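Colleague: Structure in structure tokens, see below.
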Amino acid sequence: MTALAPRRIGARTFDFARRTAVMAVVNRTPDSFFDHGATFALEAAVAQAQRAVAEGADWVDIGGLPFSPDTPDVSVAEEVDRVLPVVEAIRAVSDVVISVDTYRPEVAQAVLDGGADVINDVMGLRVAGLAEVVASSGATIVIAHSVGEPHRHHRRPQYQDVVAEVVAYLIERVEYARSLGIAEDRIVIDPGHDLNKNTLHTLEITRRLHEVAAIGLPMLVALSNKDFVGESIDRPQGERLYGTLAATALCVQAGARIVRAHQVRETVDVVRMTEAVLGLREPAYLKHNIDAETD
């Protein structure tokens with residue numbers, strides 16, 4: 001993988017050549033697939049964000065509209081009402097990086113004005129107007145691979161070579177972002193685990209993730225508790241932590257530099273241990289079989 005230069009996102013600087021950031025998920029929806037609305041209330045969402053930061057999260061990702069079309073759609077105004085107060089409340093007490101998971105330009109503009117640092121776009125800048133909002137704001141953009149239309153089913157997706165197609169798509173989308181004035185050092189890529197892909201597609205992407213990392217930009221992976229984990233190890237939602245952590249370690253080894261996670265404390269430990277094994281991070285301390293100095 002091409003060496004990644006340090007970059008500043010919001011108030012924090014990340015050395016993605018040697019460190020992987022942990023992004024905590026905070027869903028302000030009543031029907032999220034993992035927590036089923038546990039953080040829908042504003043106070044619960046803010047408390048979850050603060051807890052994630054205390055557990056070691058570098059980044060908090062706020063979502064007000066699920067990608068899945070099996071959940072009710074919401075208006076732009078309702079999405080803003082869900083996510084903006086959380087952004088403002090977190091920004092008032094922390095310098096943690098804040099991203100908002102949205103593809104709507106109106107929502108992006110509102111949350112960037114409210115203190116967000118990043119727009120996490122599962123649609124890969126395919127919705128008109130979003131790229132221009134990001135370009136004019138100086139924010140960072142996460143460009144994810146997906147092929148379906150917003151909040152619509154895309155059943156039985158077909159790929160000749162899913163990894164090659166994901167790489168080609170991301171390269172084209174990055175060039176599009178740059179053509180509209182988004183600097184390369186404000187772009188993060190995401191291969192889109194499970195987004196318009198079946199489990200075999202997502203496993204192939206995970207297996208060959210180094211090919212996506214070779215694009216040379218910081219890469220985010222959003223694999224926490226997803227269906228490919230459950231289908232791979234035959235575990236229902238709520239029992240996918242260990243499968244998620246195994247995939248997380250493999251992704252960090254292959255070049256992932258931002259990991260989106262529901263369970264922050266466990267993910268931080270896995271990321272730090274993987275970095276230590278890879279020689280990217282020094283151990284927190286050395287004591288075992290280290291002789292004490294004597295006079």
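Bear in mind that the values in this text are calculations on the coordinates, not laboratory data. Nothing here was measured: the structure is a model prediction, and the numbers come from that model. Here Cβ is always computed from backbone atoms with ideal geometry, including for glycine, and neighbour counts include all displayed protein chains.
Colleague: Out of the DSSP beta bridges found with both residues in the chain, what percent are antiparallel (nearest 5)?
Modeller: The antiparallel fraction comes to roughly 10 percent.
Colleague: Between Asp95 and Glu132, how high is the FRET efficiency from 1/(1 + (r/R0)^6) when r is the Cβ-Cβ distance and R₀ = 25 Å? Nearest 0.05. List each step's numbers first, then the result.
Modeller: Working: r = 27 Å, r/R0 = 1.09.
Between Asp95 and Glu132 the formula returns 0.40.
Colleague: Now, a different point. Can you give me the angle between helix 264-277 and the longest principal axis of the chain, using Cα atoms only, in degrees from 0 to 90, rounded to the nearest 10?
Modeller: 50
Colleague: Using C-alpha positions alone, give me the convex hull volume of segment 43-138 per residue in cubic angstrom. Numbers along the way, then the final one.
Modeller: On the way: hull volume 9.9 nm³, N = 96.
Dividing the Cα hull volume of segment 43-138 by its residue count gives 103 Å³.
Colleague: A further question follows. Report, in deg cm²/dmol and to the nearest 500, the calculated mean residue ellipticity at 222 nm for the chain, where each DSSP H run with n ≥ 4 adds -39500 (n - 2.57) and the sum is divided by the residue count.
Modeller: Details: 10 runs with 113 residues, N = 295.
Using -39500 (n - 2.57) per qualifying helix, the result is -11500 deg cm²/dmol.
Colleague: Let me ask something else about it. Expected output is a single nm value to one decimal: the length gained when fully extending between Asp269 and Ala284, i.e. 0.36 nm times separation in residues minus the C-alpha distance. What is it? Before the final figure, lay out each step's value.
Modeller: Values: separation 15, 0.36 × 15 = 5.40 nm, distance 1.16 nm.
Extending this stretch completely gives an extra 4.2 nm.
Colleague: Using the number of other C-beta atoms within 10 angstrom as an exposure proxy, rank Ser232, Ser99 with the fewest first.
Modeller: Ser232, Ser99
Colleague: Okay, moving on. Calculate the dipole size of the chain relative to its Cα centre from +1 charges on Lys and Arg beta carbons and -1 charges on Asp and Glu beta carbons; express the result in debye to the nearest 20.
Modeller: Values: 29 positive and 42 negative charges, 71 e Å.
I would put it at about 340 debye.
Colleague: Determine Rg/Rh for segment 188-244; Rg is computed over alpha-carbon atoms and Rh is the Kirkwood hydrodynamic estimate from the same atoms. Display every interim value, and only then the final one.
Modeller: Working: Rg = 11.7 Å, Rh = 11.8 Å.
Using only Cα positions, Rg/Rh for segment 188-244 is 0.99.
Colleague: Ok, one more. In nm, to one decimal, how far is the modelled label at Asp81 from the one at Ala17, with both set 7 Å along Cα→Cβ?
Modeller: 4.9
Colleague: Here is a further query. Listing Thr20, Thr71, Thr13, Thr267 from the residue with the fewest other Cβ atoms within 10 Å to the one with the most, what is the order?
Modeller: Numbers: Thr20 30, Thr71 15, Thr13 9, Thr267 26.
Ordered from fewest to most neighbouring Cβ atoms within 10 Å, Thr20, Thr71, Thr13, Thr267 come out as Thr13, Thr71, Thr267, Thr20.
Colleague: Karplus couplings for segment 110-119 from phi (6.51 cos²θ - 1.76 cosθ + 1.60, θ = phi - 60°), rounded to Hz, Gly and Pro as x?
Modeller: Values per residue, Gly and Pro as x: 5, 6, 5, 5, x, x, 5, 9, 9, 10 Hz.
Colleague: Under 20 °C and 1.002 mPa s, how fast does the chain diffuse according to Stokes-Einstein, given a Kirkwood radius computed over C-alpha pairs? Answer in µm²/s, whole number. Please list the in-between numbers first.
Modeller: Numbers: Rh = 19.4 Å.
The calculation lands on 111 µm²/s.
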